[in-house]
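Engineer: Provided herewith is a single structure, encoded as structure tokens, for subsequent inquiry.
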């Protein structure tokens, strides 16, 4: 049995989800291949789109404002005769050839572009191939309803009605949550993790992260947090792929014992285990990992677009707090670190939303379908 996962390099969340699904399928004896769907257009196109995505998130976040990401506008962009859809569909020829050569039984998409390309590639396919798309944010991605998939895996029940309204049958929709890797779920003892990172056991530990791209008002937040909480908390900044941010902050905070700087950190599990509070932009994967762990979050609105839906999802369920300015965000941190009951309530609410068995749900759904 062979599985193909079509991910996308424009944002780390799609690859993280693909890795979590791959991990579970391989534990069940499957042969798994993960490919960037945009590479079927060309490696140059994939790199260009990835670099553009990073540039917008770091330097032009206003482009992701809701006025640019309204569902009815972007849905139109992905209709069959729209130039954007036609461009993405150009990859169907290379993708179809690859599928035929490798004889995959199951194909799972973790990005809407992969779903579009796959739908076009399998349009006249005679052989039965199970197909699915997994949402990696707490919203229905524009264009996903127009993809011809056997199953749509959603992070929460609240998204189901909208997808049905957009034309997907209820039988094709499964509430699975968003998959995370096993080592995130089975984490280290918190005290042992704190010792590993040199955090005093009588200090709170705050993780500060701007996603895999290190975007948002992270330097200002670190400046305020490290000053106001110098005697009571350690702050670990995770810079992701933002090497410039990593270099600058390492130099600036070299003498501060309560500030720890990390670059790209593919395995966050031990760092999560050591933390009392998570200050992050509301990416789909980072918020999901926090939910699985019950790790209280202060959410930073660094960019709009899909992350606005993620932020509202957790705020509306009292599973996170937020502020409009850097000072308000730090106030939120101080409040939660002082208030054990508020922190405990947020943690409990997060655990209620969590689906630690998400990858297993996806696997069992598709394998049950294959036997019917």
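Engineer: Determine the distance separating the Cα centre of the stretch 172-209 from the Cα centre of the stretch 91-138; give it in Å without decimals.
Structural biologist: Here the answer is 33 Å between Cα centres.
Engineer: How would the stretch 256-372 be classified by its alpha-carbon gyration tensor: rounded, prolate or oblate, with rounded meaning a/c under 1.5 and the a/b versus b/c comparison settling the rest?
Structural biologist: Working: a/c = 1.92, a/b = 1.71, b/c = 1.12.
It comes out prolate by the Cα gyration axes.
Engineer: For residue 325 and residue 84, calculate 0.36 nm times their separation in residues minus their Cα-Cα distance, and state this gained length in nm to one decimal. Don't skip to the answer; put the middle values down first.
Structural biologist: Numbers: separation 241, 0.36 × 241 = 86.76 nm, distance 3.61 nm.
So the extension gain works out to 83.1 nm.
Engineer: From the Cα gyration tensor of the stretch 183-353, with a ≥ b ≥ c the square roots of its eigenvalues, which class applies: rounded if a/c is under 1.5, or else prolate if a/b is larger than b/c, or else oblate?
Structural biologist: Values: a/c = 1.32, a/b = 1.15, b/c = 1.14.
Because its axes are fairly even, with a/c under 1.5, the stretch 183-353 counts as rounded.
Engineer: For the chain, take the longest principal axis of its alpha carbons; what is the angle in degrees between that and the long axis of helix 326-338, to the nearest 10 within 0 to 90?
Structural biologist: Between the helix axis and the principal axis of the chain, the angle is about 70 degrees.
Engineer: Continuing with this model, one more query. At 222 nm, what value in deg cm²/dmol follows for the chain if DSSP H runs of at least 4 each add -39500 (n - 2.57) and the sum is divided by all its residues, to the nearest 500? Before the final figure, lay out each step's value.
Structural biologist: Working: 17 runs with 173 residues, N = 372.
Taken over the chain, the calculation gives -13500 deg cm²/dmol.
Engineer: Project the alpha carbons of the stretch 78-193 onto their principal axes and report the range along each, largest first, in whole Å.
Structural biologist: Per principal axis, max minus min of the Cα coordinates gives 55, 36, 27 Å.
Engineer: Then there is this: If packing is taken as the average count of other Cβ atoms within 10 Å, what order do 310-321, 19-30 fall into, highest mean first?
Structural biologist: 310-321, 19-30
Engineer: If you don't mind, there's one more thing I want to ask. By how many degrees, 0 to 90 and rounded to 10, does the Cα axis of helix 92-102 deviate from the longest principal axis of the chain?
Structural biologist: 90 degrees
Engineer: Also, quick follow-up: Answer rounded, prolate or oblate for the stretch 202-295, using the Cα gyration tensor with square roots of eigenvalues a ≥ b ≥ c: rounded when a/c is under 1.5, else prolate when a/b is larger than b/c, else oblate.
Structural biologist: Values: a/c = 1.74, a/b = 1.16, b/c = 1.50.
It comes out oblate by the Cα gyration axes.
Engineer: Over the chain, what is the relative contact order in percent, taking alpha-carbon pairs closer than 8 angstrom and at least six residues apart?
Structural biologist: Details: 678 pairs, mean separation 62.1, N = 372.
Relative contact order of the chain: 17 percent.
Engineer: How much length, in nm to one decimal, is gained on full extension between residue 228 and residue 267, taken as 0.36 nm per residue of separation minus their Cα-Cα distance?
Structural biologist: Values: separation 39, 0.36 × 39 = 14.04 nm, distance 2.89 nm.
Gain on extension, residue 228 to residue 267, equals 11.2 nm.
Engineer: Could you sort 228-237, 155-164 so that the peptide with the highest average Cβ count within 10 Å comes first and the rest follow in order?
Structural biologist: So the order, starting with the most tightly packed, is 228-237, 155-164.
Engineer: Sticking with this structure for a sec: Angle, helix 43-59 long axis vs. longest principal axis of the chain, Cα atoms, 0 to 90°, nearest 10?
Structural biologist: Around 30 degrees separate the two axes.
Engineer: In the set [x] 66, 39, 35; [y] 54, 46, 43; [z] 62, 50, 41, which value of Cα extents along the principal axes in Å was calculated from the structure you see?
Structural biologist: Entry [x].
Bear in mind that the values in this text are calculations on the coordinates, not laboratory data. From a predicted model like this one, the values you see are computed outputs, not experimental measurements. With ideal geometry, Cβ positions are generated from the backbone for all residues, glycine too; neighbour counts draw on all protein chains shown.
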